[in-house]
1. Starting from the Cα-Cα distance between Arg23 and Asn373, subtract it from 0.36 nm times their residue separation and give me the gain in nm to one decimal.
2. How far apart, in nm, are two points set 7 Å out from the Cα along the Cα-to-Cβ line at Ala14 and at Arg364?
3. What order do you get for 332-342, 43-53 when each peptide is scored by the mean count of other beta carbon atoms within 10 Å, highest first?
4. Under a plain spin-label model, where a point goes 7 Å from the Cα along Cα-to-Cβ, how far apart in nm are Val306 and His180?
5. Using the beta-carbon distance between Leu287 and Met334 and R0 = 22 Å, what value does 1/(1 + (r/R0)^6) give for FRET efficiency, to the nearest 0.05?
6. Just to verify a number: FRET efficiency for Tyr320 and Cys37, C-beta to C-beta distance, R0 = 45 Å, to 0.05?
7. Rounded to a whole number, what % of the accessible area of segment 47-202 do carbon and sulfur atoms account for, probe 1.4 Å?
8. Kindly list the residues of segment 239-266 that lie in the label zone of Arg130, defined by a backbone N under 17 Å from the point 7 Å along the Cα-to-C-beta vector.
Amino acid sequence: MKKRANRRSEMDEALCCCEYINRQGERSHVAACCCDCEDLDEVCDRWMKLQPQAQGSLDRLSAVLSDRVRVPWLWGGARRLELSVVPPLVLLPALLRLAALHFLLGVAVLTALPVLVLWYYYVTHRKKGRTLFFLSLALFSLAYMYFLFVSEVLPRGGVSPVQLAVVTGGVVLTVAAMLHTKRDPGLVRRARPPHSTVTYAAARYHTDPAFQGPVGREEVLLGPEGEQSAREDWCLACGLARPPRAGHCRICGVCVQRLDHHCVWINSCVGQANHCSFLLTLLLFLLTSLYGIGLVLRSVCPGQNVLLALLYCPGVYRQYSDALCFTCAWYCSMVTAGLLHLLLVQLVHVSLNVTEREVRLAARHGAPGDTTNYSRGLRDNWAEFMTMHLKAPAPTLDAV
């Protein structure tokens, strides 16, 4: 093994900017990305013959493409390019500019866009796989809206330097809060070495896609006395004992303290250590988005009430620049409405001292209303929520 590792490191050092080590451990070149692709030939052949695809053929093709699509790099050979990052960078500007051509095109595009995003979400969520599509869409949407605000709205002269500074500060703070949220959700540390034998009683196999735990026993701990009376739950996937209210995320493959849910928009779990910063990110985005939408509507729909301008703005499609700004305002409004709903749900859960994971498990067990036994009152619940990140220990290598 040591000789093999040394040989692998020598190959990495000798790689030029366009070479890489493929999935089979062989040396390859980016110019040969279309060579020896039996999986692609099989898929195309079946498609041309109108035959159904073989089971797993599309997954193998996706794995081959993700391994061969590389970017030349000066050190260590060509770097892999995550394919899920590319579609938002191409489709979002193209669809928004297409929607600005005509009112009917705008209705069609703004209706189809959330449908496509939801369809892709359910496809990836069913496979329990990680993807950078939603994180790329979130960051690029924020950057592209700010770019259009500076390039299309600011030259009109209706935005003061203070208003520009507020929008810029809101965008910067939102990105900073998102990056802070992605740092660590609060991984469960291994408090003691694993035993040679483990007594595992009442094994149960979970098949519900909404369940965020591994195969094994799952105990829903609801009650203020749970910390003293509840038994720790053993995680088969991580090989460690989980404290009360902790859960295993199948997408990330780790156990998280007070797991709330896995958020695809930040490509990370939301747990004890980052739940507060997650709500802060939502709040900053909503405030920045609402303020920016108001400035855009005042610019493209002068004299109209801001609250009614989205529904009635005569003559906005006479100039393409006005139509593009109006379409982007509608897109931001749709995103803001979705995140506002998420924020309201989170505020209700925090007020009741319950996590989204516990709500789903209680509904799965047939008791959707029995999720408030951890509640100690509105004031104490929020006090516990605001200080729980201070109690989350730093992750260790054993936990990771």
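The values are calculated or read from the model by the stated rules, or taken from the named source; none is laboratory data. Computed from a predicted model, the values in this text were never measured in an experiment. Ideal geometry is used to build each Cβ from the backbone, glycine not excepted, and the neighbour counts take in all protein chains shown. Accessible surface is based on the protein model in full, side chains and every heavy atom, while ligands, DNA and RNA are left aside. Shrake-Rupley method; radii C 1.70, N 1.55, O 1.52, S 1.80 Å.
1. On the way: separation 350, 0.36 × 350 = 126.00 nm, distance 4.99 nm.
Separation in residues times 0.36 nm, less the Cα-Cα distance, equals 121.0 nm.
2. Result for the modelled spin labels: 5.1 nm.
3. Highest mean packing first, the order is 332-342, 43-53.
4. Result: 2.6 nm between the two label points.
5. Working: r = 17 Å, r/R0 = 0.78.
So, using R0 = 22 Å, E works out to roughly 0.80.
6. Details: r = 42 Å, r/R0 = 0.93.
E between Tyr320 and Cys37, to the nearest 0.05, is 0.60.
7. Values: 6790 of 9730 Å².
That fraction is 70 percent.
8. Within reach of a label on Arg130, which here means backbone N under 17 Å from a point 7 Å along Cα→Cβ, segment 239-266 contributes 248-257, 261-266.
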